[in-house]
1. Once you charge only the Cβ atoms, +1 for Lys and Arg and -1 for Asp and Glu, what is the size of the charge dipole of the range 7-66 about its Cα centre, to the nearest 20 debye?
2. Along the charge dipole of the range 7-66, which of 38, 25, 50 sits closest to the positive end, that is, farthest toward it, with unit charges on the beta carbon of Lys, Arg, Asp and Glu (+1, +1, -1, -1)?
3. For the chain, what is the Kirkwood estimate of the hydrodynamic radius, computed as the reciprocal of the mean inverse distance between distinct Cα atoms, to one decimal in Å?
Amino acid sequence: MPKTHDPQNERLKRAYFTFMREAKQHSEASLDAIAKAIHRFESHTGFRPFKAFHREQAAAFKRHLAK
């Protein structure tokens, strides 16, 4: 069965969304757009933990989006 999430990433995202909502005062629509973008990136990387992030992942994702 393919991986659909990473528990550590989910905790980090929850904290990030709280920060964006409370400190940056983003609307729910903006938070939904951010969540979709993050999910697309996570899907592309196979839901690897964010702590294993490498800048080449971002570059590969950017190339993927350009196709």
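1. So the magnitude is around 200 debye.
2. 50
3. 12.9 Å
Bear in mind that the values in this text are calculations on the coordinates, not laboratory data. Model, not experiment: these values are computed from the prediction. In this analysis, Cβ positions are derived from the backbone assuming ideal geometry, glycine residues included, and neighbour counts consider all displayed protein chains.
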